[in-house]
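Engineer: Would you mind keeping the following structure in view while I ask a few things?
The values are calculated or read from the model by the stated rules, or taken from the named source; none is laboratory data. Every value quoted in this text rests on a predicted model; they were computed, and no experiment measured them. Here Cβ is always computed from backbone atoms with ideal geometry, including for glycine, and neighbour counts include all displayed protein chains. Surface accessibility is based on the protein's heavy atoms, side chains included, excluding ligands, DNA and RNA. Shrake-Rupley method; radii C 1.70, N 1.55, O 1.52, S 1.80 Å.
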Amino acid sequence: MWGGHSCPPPLGTEALTPVTDVTVVVTQGSVSLRGSVETIFKGMNAFGVGKCLRIIVLAMFRALAGISIFCLFALAQQPTSAWQEEVRRCAAAQDWTAAMSIVDREIARAPRDMDIRAWRARVLLWSGKVAEAEHEYHDILTAVPNDPDNWMALANVYSRESRTQDALEALNRAVELDPKRADLHAARGRALRVADNRSEAKLEFRRALELDPTSKEAELGLLSLRSEPRHEMRVGVNTDLFSFVGPNDLQGLSFTSHWTPRWKTSVSENFYQRAGTDAETSVASVTGKLPRMGALTVGGAAAHHNNVIPKNEVFFDYDQGWRLAGSKLLHGLEIIYGQHWYWYTTARILTINEMTLFYLPHDWTWSVGLTGARSHFSGTGAEWRPSGLTRIGFPISAWDERRLQGNVFFAVGTENFAQVDQIGTFSSQTYGGGLRFQLTERHDVTGFAAYQKRTQDRTQTSFGFTYGFRF
């Protein structure tokens, strides 16, 4: 047998040494051809093979070595890309258990690889485990303190926790480590914008564009810092139709100004037509806002009442909200507490209002409100009456800048001194809903309709709309 074949070699070639040991060995990234080249050259010299042929054979072996190196490196890199893509697919499907198991498997294979640990931190952040992601990034930065990507990732965690100053400090460190990266400057610009440092944010976005003129992130950041609308004017009409009396109509005009991020004022003028009598009221309020302390609104109203609306009003509201970063079902919570005093010709009314607003996934909201009304009429004692309201808001559709949102609500209580706050002397149930159509960034239209069932088989149907524009 010769080389596994039954045919003998040609006559006169028995002395030729065959090449049977061509092996490629990879050790620490190097490739070695053992025994093969030396054996071939000995055989070629023994039979007087020409120099040109030896050069060709040597070139062939060099090409073989290059191809082997390329294939081996490609095979070495393929599993890494594969597991990362698998993690991304699991994250897109929100299968966090599978994504974490893949990452933990890779960490067990290479426990000192901080890049894999960074993937674990990303999965924790994506799945809403913000505190665990923060702890993971701290461990990574302890081992590798000079990686700007990990500092930027830690800043993203702080941003999710509304820790703006900590996010800025982390981004400052990232920019110090690599001041020529446009994405780091753009990220720092975003954090400065959140901190309401618009001038510094503009400088960071410009620096990012200088480093990378194609940076869309920096370009959009500069566009976001354009002079935003500070004022809003809104006009609206409202009609109430009753089964037992003639209709009531209302027309209103309001003007709201955001002078600074912390101060806002609002004035409005309302015109009433009730039972053939005209009335008019003027309302003014001011709102002050402090970071992490909520917003306080104080205001009042005076009217040409003609005995059909309150003569004077005074009110205040306190609004506080919280972002819930670690919750999957509840993204945020807002609580509004207020008191409102009405002075009529023959009565005094005090209302105490509490509204809780839950921010749900996919831009849904759910609000629950309770109102207690203390009525004191001339010649009678004071009396408290409760009422309640629940509302669900939801997105419907979106086209570029256009947005269509809707809501449905249900209220129970007594006489309606506002649109849906049920206060007064008789029982009622109100069903209704509304739409808000965002035409552009500066224009929107809202509308609502409601049906109220009262005691004594009486009904009320209400509808109206408002149009607002900002400048």
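Engineer: Taking a 1.4 Å probe, which of Phe316, Phe244 shows the most accessible area, and what order do the others take after it?
Structural biologist: Sorted descending by solvent-accessible area, the residues read Phe244, Phe316.
Engineer: Full-extension gain between Asp139 and Glu161, please, as 0.36 nm times their residue separation minus the C-alpha to C-alpha distance.
Structural biologist: Taking 0.36 nm per residue and subtracting the Cα distance, the gain is 6.1 nm.
Engineer: R0 = 41 Å: FRET efficiency of Gln438 with Thr459, Cβ-based, nearest 0.05?
Structural biologist: For R0 = 41 Å, the calculated efficiency reads 0.80.
Engineer: Using the beta-carbon distance between Tyr467 and Thr346 and R0 = 35 Å, what value does 1/(1 + (r/R0)^6) give for FRET efficiency, to the nearest 0.05?
Structural biologist: Numbers: r = 36 Å, r/R0 = 1.03.
E(calc), rounded to 0.05, equals 0.45.
Engineer: Let me ask something else about it. Quick one: if you stick a label point 7 Å off each Cα along the C-beta vector at Val368 and Phe394, how many nm between them?
Structural biologist: Placing both labels 7 Å beyond Cα along the Cβ direction yields 1.9 nm.
Engineer: Give me the distance in nm between label points sitting 7 Å out from Cα along the Cα-to-Cβ direction at Val298 and Leu220, one decimal.
Structural biologist: 4.2 nm
Engineer: Sticking with this structure for a sec: Could you put Arg226, Arg391 in order of accessible surface area, largest first, with the 1.4 Å probe and the full protein assembly present?
Structural biologist: I get Arg226, Arg391, largest accessible area first.
Engineer: While we're on this one: All other residues with a Cβ under 12 Å from the Cβ of Arg470 taken together, and with Lys, Arg as +1 and Asp, Glu as -1, what is their net charge?
Structural biologist: Local net charge: -1.
Engineer: Using square roots of five times the C-alpha gyration tensor eigenvalues, list the equivalent-ellipsoid semi-axes of the stretch 221-337 in whole Å, biggest first.
Structural biologist: After scaling each eigenvalue by five and taking roots: 35, 19, 16 Å.
Engineer: Kindly report, to the nearest 10 Å², the accessible surface of Trp343 as traced by a 1.4 Å probe over protein heavy atoms only.
Structural biologist: For Trp343, solvent-accessible area is about 90 Å².
Engineer: Cα centroid distance between the stretch 91-106 and the stretch 356-379, in Å?
Structural biologist: Value for the Cα centre distance between the two parts: 41 Å.
Engineer: If you don't mind, another one. With every protein chain present, what accessible area does Met233 have (1.4 Å probe, heavy atoms only), rounded to the nearest 10 Å²?
Structural biologist: 60 Å²
Engineer: Let me ask something else. What ranking of Arg323, Arg458, Arg292, Arg181 comes out by heavy-atom accessible area, probe 1.4 Å, highest first? Intermediate results must be reported in sequence, preceding the final value.
Structural biologist: Numbers: Arg323 155, Arg458 95, Arg292 200, Arg181 50 Å².
Descending accessible area places them as Arg292, Arg323, Arg458, Arg181.
Engineer: In nm, to one decimal, how far is the Leu404 label point from the Leu333 one, both placed 7 Å along Cα→Cβ?
Structural biologist: About 3.5 nm separates the two model spin labels.
Engineer: So if R0 is 60 Å, what FRET efficiency would Glu200 and Lys311 give, r being the distance between their Cβ atoms, rounded to the nearest 0.05?
Structural biologist: 0.75
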